[in-house]
1. What aspartates and glutamates sit close enough to LYS143 to cross-link, taking a C-alpha to C-alpha distance under 16 Å and skipping anything fewer than 8 places away on the same chain?
2. From the cross-link list LYS77/LYS127; LYS58/LYS115; LYS77/LYS102, which pairs have alpha carbons spaced over 23 Å apart?
3. What's the local net charge at ARG63, with K and R +1, D and E -1, over the other residues with C-beta under 14 Å away?
Amino acid sequence: MLHSPQAHKHFVETLIAMRITALAHYKKITVIALIILTGCASGGGKRNEIGLFDTTVKGDDIRLFRYTLPLFREKPKPITQRSNGQQSQNIDQRESEEAQLKRAEYYLAQDPRLKEYCPKGYTMIDKYAVLNEIIIRGECRYKE
């Protein structure tokens, strides 16, 4: 019966029907996945917040903030393992810390929490790297 033309025709029709049904389900799943991904990408996800952002309001609405990021440094080595070639690496490390400070300034400027807290801008009071942190302190501007 499998070799008869009618069985072959029925088999082909069934196979085509299964592919059409599978294609319709595939399209539905694809559309649902795109809707979900678009929803997450359009603001349903986390905002671009990097680091800790602490705020303080003092006296007559003096708005201060402190922005903290981790500082990545080379692990300290015993003095006996250091050589003259190591001194040039320490200079590179300082440059790396400077680059990290500049990156922290960039992240702060892009942070939506700062833009919300200081809508008229800010003045940087202090920036420094201590222990394993980069700290930027500032005050909101009150006039544009």
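1. Reachable aspartates and glutamates: ASP60, ASP61, GLU116.
2. Working: LYS77/LYS127 27 Å; LYS58/LYS115 19 Å; LYS77/LYS102 26 Å.
Check vs 23 Å cut-off fails for LYS77/LYS127; LYS77/LYS102.
3. Working: positive: LYS58, ARG66, ARG113, LYS115, LYS120, ARG137, ARG141, LYS143; negative: ASP54, ASP60, ASP61, GLU116, GLU139.
So the surrounding residues net to +3.
Since every read-out is calculated from the coordinates, none of them should be taken as a lab result. What you see is a predicted model; the values in this text were computed from it and never measured. Counting neighbours? That spans all protein chains shown, and the Cβs are built from the backbone with ideal geometry, glycine included.
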